[in-house]
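Working notes, beginning with the structure itself.
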Amino acid sequence: MGWTYVGDITTGLGPLPSAASTPIGYVFDARGTEHITYMALDFSLWELTRSAECWTATNLLADVGLPALGDASTRYRDAGPNAYVFPSQGPRHVAYVTNDGAMHELWHDGTGWNHNPLSSSVGGTPAVVARPAAYPFASQNTQHIHYAGASDRHINELWWDNDGWHHRDLTHDVGGTPAAGDSGALAGYAVDLYHTHYVDYVGWDGHIHELRWSNGSWSHADLSELSGTNADVALPVRPGGISAFFFAPTGTRHVYYYGADQHIHELTASGGGWWHEDLTVWTGTVAETIDIGGLAAYPANRQGTRHVVFTGAASIIELWWSNGSWAHSDLGSDSGSPEIRKVPLSGYADEDTQHVFFHGSPPHINELAWRRTRRQRDLPAPPMGNV
């Protein structure tokens, strides 16, 4: 069936306030729902929920009796929220930053939304410089929020276990770990199969660095050096920063970023080492990547494909991997979508579909969707081992 333009979600719901931040989307498999969280131009926070093909909207801060965030635009490069599902401790969670640099959490306990001022309740946490990375670690029954500190760009971690929330300065605790660059761009994720989790970030040196937790301790690696690439990250970092994920069909890990050479790059952990590919050269998309607006990447595990999407050349360009080879598509042209703003976007895949959410003009949340015409067999699990 391919890609189609689904429509302007925010207009269909009200209309809602126009979007200011990256729209963070995810699937809640246990409930059969899909969710988008974003900050609006009036600094309110919204969650859009799709159930049985119908969207509903919730003003999150108003729902818990809090005012809008206040003008954070002069302080933060990408000040929007992040969101994830953690079924064992309140299913849905939203991590966000207020204009004083404090970290906050909203969580839904199945009946309603609740608020936790994390920075003040944990204590000793420095101010935040940009949108945090946030994710669950199901195999350890923990949840994690990572961010760069505003004063020193150290990578900080807030994590929750059965004793509550805690804080540590990973840059201080892990020897030889450089601070993040000015943007504070980072990504984080867990690999439950291997009982590990990771934070990938752009260092002050323009390299991609990684902090890895395994068997109770953290370690650091310079992925740019390990992969042998001489393509540093473009500074200042584009909205969305870098994207990283685990790809179950091949048991590999991947990091994507926009290079100083105006190309899209991929770093892959496979077979005990790191490897580099220049995806712009591979796919012949030099003109499209000269000046991108935002970058996002996601795995489609059931389809056995990887996807990188970015805004550029007045459209959304998709780079996609299948069976060992990369190709590209112009999603704006292919789907009949309206004018696309060159700002952050996001994407995710569920069982049989893929979704990309972007800012249109005016800056409303719009959706593109891909649907396959017939069900494919589940792909086999990757081999056991530690990637």
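The values are calculated or read from the model by the stated rules, or taken from the named source; none is laboratory data. In this text the structure is predicted, and so the values were computed from the model without any measurement. Cβ placement follows ideal geometry from the backbone for every residue including glycine, while neighbour counts extend to all protein chains displayed.
Of note:
- The set of residues from the range 347-356 being assigned to a strand (DSSP E or B) and more than 11 Å from residue 310 (Cβ to Cβ) comprises 348, 349, 353, 354, 355.
- Of the listed requirements (1) touching a residue at least 40 places away in the same chain (Cβ under 8 Å); (2) touching a strand residue (DSSP E or B) at 6+ places or on another chain (Cβ under 6 Å); (3) farther than 22 Å from residue 229 by Cβ; (4) not charged (D, E, K, R), residue 332 misses just one: (1).
- Identity of the residue in the range 364-386, part of a loop (DSSP other than H, G, I, E, B) and at pLDDT 55 or above, that ends up nearest to residue 37 (Cα to Cα): 364
- Scanning the range 40-56 turns up one or more residues that are under 19 Å from residue 17 (Cα atoms), in contact (Cβ under 8 Å) with a residue 24 or more places away in the chain, surrounded by fewer than 17 Cβ atoms within 10 Å (Cβ to Cβ) and among the aliphatic types (A, V, I, L, M).
- Selected residue [out of contact with any Phe, Trp or Tyr (no Cβ under 8 Å at 6 or more places or on another chain) and not small (Gly, Ala, Ser)] from 225, 210: 225
- The range 327-341, residues that are part of a loop (DSSP other than H, G, I, E, B) and surrounded by 20 or more Cβ atoms within 10 Å (Cβ to Cβ): 337
- Any hit, the range 143-161, residues being acidic (Asp, Glu), outside any strand (DSSP E or B), without any contact (Cβ under 8 Å) to a residue 24 or more places away in the chain and under 17 Å from residue 105 (Cα atoms): no
- Residue 335 vs. criteria over 22 Å from the mean Cα position of the chain (by Cα) and not acidic (Asp, Glu): yes
- Residue pairs meeting the criteria (Cβ under 8 Å; at least 6 apart or on separate chains; first more than 23 Å from residue 28 (Cβ to Cβ) and in contact (Cβ under 8 Å) with a residue 24 or more places away in the chain, in the range 340-364; second in a strand (DSSP E or B) and hydroxyl-bearing (Ser, Thr, Tyr)): 340/311; 340/315; 341/311; 342/311; 343/311
- In summary, no strands (runs of 3 or more DSSP E) completely within the range 174-267 bear 3 or more residues that are touching a helix residue (DSSP H, G or I) at 6+ places or on another chain (Cβ under 9 Å) and surrounded by fewer than 17 Cβ atoms within 10 Å (Cβ to Cβ).
- Subset tally (residues that are surrounded by fewer than 18 Cβ atoms within 10 Å (Cβ to Cβ) and touching a residue at least 60 places away in the same chain (Cβ under 8 Å)) for the range 29-39: 3
- The range 276-295, residues that are at pLDDT 95 or above and in contact with a helix residue (DSSP H, G or I) (Cβ under 9 Å, 6 or more places away or on another chain): 276
- Positions within the range 268-326 being of a type in the set (Asp, Glu) and not in a loop (DSSP other than H, G, I, E, B), in sequence order: 277, 278, 318
- Criterion: modelled with pLDDT of 85 or more, over 21 Å from residue 192 (Cα atoms) and polar (S, T, N, Q) - qualifying residue of 325, 361: 325
- Against the list (1) within 23 Å of residue 320 (Cα to Cα); (2) in contact (Cβ under 8 Å) with a residue 40 or more places away in the chain, the condition residue 232 fails is (2).
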